[in-house]
Every structure is written in C-alpha cells, then in structure tokens.
Amino acid sequence: MRRKRVMGTICVLALISVMMGGCSGKKADNVPPAAENGSISKEETKETVSQEATKEAAQEAEAKKDVTLRFSWWGGDTRHEATIQAIETYMEQNPGITIEYEYMGFDSYYEKLLTQLSSNTQPDICSVDYKWIGDLVAQDKPFVNINEISDQIDLSKFDQNFIRDFCGQGDYLIGVPCGINGRGVLYNTEFFEKYGLTASDDWTWEDLLEAGKKVNEQDSDAHLLFLTNDVLVYITRDIVKQKYGENLINDNYELICTPEDMTEAMNMVLKLVETGTMPPFEESVLYETVFADQIPGWLEGKWGMSVLSASNLPSIIAASPFEIGTMRWVVEDGAKDSAITVAPTMMLAIPENCENKEEAAAFINWFVNDPEAIAITGDTRGIPANSEARDMLEKKGAISPQVSTMLAQALEAKTSPENGPTLNAEVAAVISDYSHQVGYRQITPEQAGPAMYQDIEHVLEQMRQ
C-alpha cells in the first residue's frame, strides 16, 4: 500500500513539472517580462494610466457634447414661433445641444427673472430689457460682461457707440442687442379716415386731445388712444424731458423737476380720460399689460391708436384685420428734447452662474450673426442691430414697412439716452400708482403731483444710501 502511495506522488510531481515547463516555454512577442515578487511592470503601469486617461477624456468629451441650455424671452406669437424655429434649426446643426425654451408676456417676465436670479434657477440665456440695466448693475452685475468674451461673440457688425450708450454701463456690456427699437404710434388707417383724422409727425399734446375729443363726440364708445401701463408711466417722463431737456432723474439720483411739473403730468392723464381720448380706466386697465394684438377694442376697430416699440409691430400687423399706419409720438412745441425713446430691443445675456457659458455664447453668436438665423427671426425683435443682417433683410423685403418707418420716425426725432435712475422699477411703480389714482378720479392732479414727488424722493433717498 505504501509503495502505491509513493508512486502516486511521483506521478503528480512529474505532471506538475511538465505543466510548468510548457508554461515557461516560448515567450510571446511584445509582451513585457513578468515582474518579480508579484509587482506590476513600468510598461503595464503606463498602459493602465494611458487607458484610464483616454477613458476620462472620452467621458469628458461626451459630457461636453451633450449640453442642455435654457433660453427665455417675452413677446407675441409671431416672435415665439420664429424663435422656436430658429432654436430647432440650431439643434439640428448641433446634435449635442438641447435648448429648452421659456416664453411669456412682458408684464410678468422681469419679476420672474429676478426671482430666478435670487434662487440661482435662471436660464442659461436670458432676455434683458434696457430699462432694467440700472437695477441689474446695482445687484452686483449678475450677467457676464460680453466685452470679456468678445472672442466668442462677434460684435464687429454692431454700432459700437450704440452698444456703449444703450446696452450697459461704462465698460460693462450686459448683453447682445437683437435689434434697434424706437417708440412711436401705430394707428388704424380706417379708423382715422372714418373720424376725419390726419396722421402726421408733428402732433403736440393739445393736438392729441383735440383729435381724441373729436372721435369720442362722434361715437361715445370709440376712443382714439389706449396705453399700456409702461407708456402711461412715460407720460410723466416725456412731459418733464420735453420741458427741461433732461431725464426725470439725474445720475446722482435727484429729481430735476418740481412738484408742479408732476401736477402738470397728472393733469394730462386726467384730460386724456375726460375728453374721451382714452377709454375709462375701468375698461382699459384690463388690457394694460398686453399689446394690441390681444385687445378686443383694437381688433374690433373701437380703439384707434396706441404707443409702443417698433419690435412689437409684426404680431399686431399679423393679427389686425385692417391696414396699420405709423407716426411719431407727440412732442410739445419748443421742446428741448423729443423724449422719443430709441433703444435696443431685448438683449441676450448669460448669467454669471451659467455652467455652460461657452455653449450659451456660441448660440447667441449664431442667433445674431448667422444668415439662416437672421432669415428665420426677421424683424420679430425689431430691425436687427447687426448691420449686415439689416441689409440682408431689407434686400429680401423681410422687414415690414411699418417697422422701418416707425424706427426712422423715432431716430429722426433725436433724443438723449435714458439713464438707470429714471428707469428704476420702484420709481416707475410710484408714477403708475398715482397715474391710476388720477385716472380712476380717486384723487385730483393737485393732490397727486406733490405726493408723487415726495414718494419718488423717498425712493431716491434709499438709492443714494
């Protein structure tokens, strides 16, 4: 028995020896020698590191390739449809980019944007109105200075003086202007003919009141003028600027007028209502945050004229069942400044907290410079600020005559830029509040003027601190 066990052991040892010999026979080409004591060779280490680096680079590239951006703006249906078409075109050309869009009416946009900025939930590309520049700059400049990324967004075809004066503060450029805007009057040509009115670019405040009274005397349900809340506020700004040639509030946060001037402005609001030039506030207030394309009184031919920016015209022209004309807004005889605002249309801005600034900048550059994007969006944001885009659309007849005419009328009127303090939202809210109280005849202009002056002074005192 013992002999059998010994022979078995010898056979096992022999078999192991043969197997080890086979394993250590011919060495494969290009295989590094095994390291001693179970350690990894330098060649194997390099190969492993290289593979890991390649894998990380691939993952990083994949992450960069698939980027989702959010883009927000305000406006009417024509603007919405054109912008969405442009976004879809860009995504087709850039498969790794997804752009989610958020659009709404102007009245609620700014409040939502401020909420998003405070909670760090803002879109990657935000539309900004020039009226908000002063407030936003005071809030620690929450948007990227476009001047610092000029290598990513081509501004060579934009008027540099216009950008400097209207799109930022000092060396800080808050956004890229989509277009140039001018404030003016649009009117229903059939309405003017029906009531015997003649449109012209030299109407004064008295001319406006006389025309409005003429209309309302012929038909008590018809009214010449209706205004959005924004333009209602401009009555006070315009009257003061035309009288003094300066903005309502100077750069030192000081009112440049008197309480009596405020009373004069409130008197104009009351006269517009008393003469029937404007509808009663009980009617018009229902529509003071939307444009004419959404107002029954306009679409039914009962309200004949409004004041707005040229960039809002395309949607209204498309919705109106009658021909539309344009003319300059009213300016007092002997005015030191027309107060007819010229400004950029919505500017495209990139928040400082944006995680994909490079991709956001690439989209903005395409949106304002690419011929295909320009052809799609046309004049839905006003006449393009890009001179080449403007020339291209004019040659194609893609800019509506009314938009071109209104902008030309505003530019011809020549005015100085509005400043941040005058456009302050709190100041505007004070003017709006007193204008409504007078419009509803809750208080008299004589009561409203001094009280409004005092309340604005209180706001400015806080701003000066």
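The values are calculated or read from the model by the stated rules, or taken from the named source; none is laboratory data. On a predicted model such as this, the values are computed, not experimentally measured, just so you know. For neighbour counting, all protein chains shown are included, and Cβ atoms are generated from backbone atoms with ideal geometry for every residue, glycine included.
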Answer residue from segment 98-136, given it is of a type outside the set (Ser, Thr, Tyr), out of contact with any Ser or Thr (no Cβ under 9 Å at 6 or more places or on another chain) and at pLDDT 90 or above and is nearest to Ala361 (Cα to Cα) among those: Val128
First in segment 434-450 and assigned by TED's automatic domain parsing to the domain that holds Glu274, second anywhere and loosely packed, with under 14 Cβ neighbours inside 10 Å and not in a loop (DSSP other than H, G, I, E, B), Cβ under 7 Å, 6 or more apart: Gly449/Glu260
Output for segment 129-158, where each listed residue is of a type in the set (A, V, I, L, M), in contact (Cβ under 8 Å) with a residue 24 or more places away in the chain and in a loop (DSSP other than H, G, I, E, B): Val144, Ile153
Met406 more than 23 Å from Asp230 (Cβ to Cβ) and not small (Gly, Ala, Ser): no
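Which residue out of Ile174, Ile249, Ile256 is touching a residue at least 40 places away in the same chain (Cβ under 8 Å), more than 24 Å from Asn312 (Cβ to Cβ) and of a type in the set (A, V, I, L, M)?
Ile249
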Which listed residue is at pLDDT 90 or above, touching a Ser or Thr at 6+ places or on another chain (Cβ under 6 Å) and not acidic (Asp, Glu), from Gln402, Gln409: Gln402
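Give segment 75-128 a look and list any residue that's assigned to a loop (DSSP other than H, G, I, E, B), surrounded by 13 or more Cβ atoms within 10 Å (Cβ to Cβ) and of a type outside the set (Gly, Ala, Ser), or say none.
Asn94, Gln122, Pro123, Asp124
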The one condition in (1) modelled with pLDDT of 95 or more; (2) touching a helix residue (DSSP H, G or I) at 6+ places or on another chain (Cβ under 8 Å) that Glu210 fails to fulfil: (2)
Search result, residues across segment 223-252 that are under 22 Å from Phe291 (Cα atoms), at pLDDT 95 or above and either touching a Gly at 6+ places or on another chain (Cβ under 7 Å) or β-branched (Val, Ile, Thr) (or both): His223, Leu224, Leu225, Phe226, Val233, Ile235, Thr236
Residues within segment 253-292 that are in a loop (DSSP other than H, G, I, E, B) and at pLDDT 95 or above, tallied: 11
Criterion (over 15 Å from the mean Cα position of the chain (by Cα), surrounded by 13 or more Cβ atoms within 10 Å (Cβ to Cβ) and closer than 18 Å to Phe363 by Cβ) met by exactly one of Phe162, Phe158: Phe158
Total residues in segment 315-334, condition part of a loop (DSSP other than H, G, I, E, B) and buried (at least 20 other Cβ atoms within 10 Å of the Cβ): 4
Index of the failed condition, Leu208 passing every other in (1) over 13 Å from Thr277 (Cβ atoms); (2) not in a strand (DSSP E or B); (3) not polar (S, T, N, Q): (1)
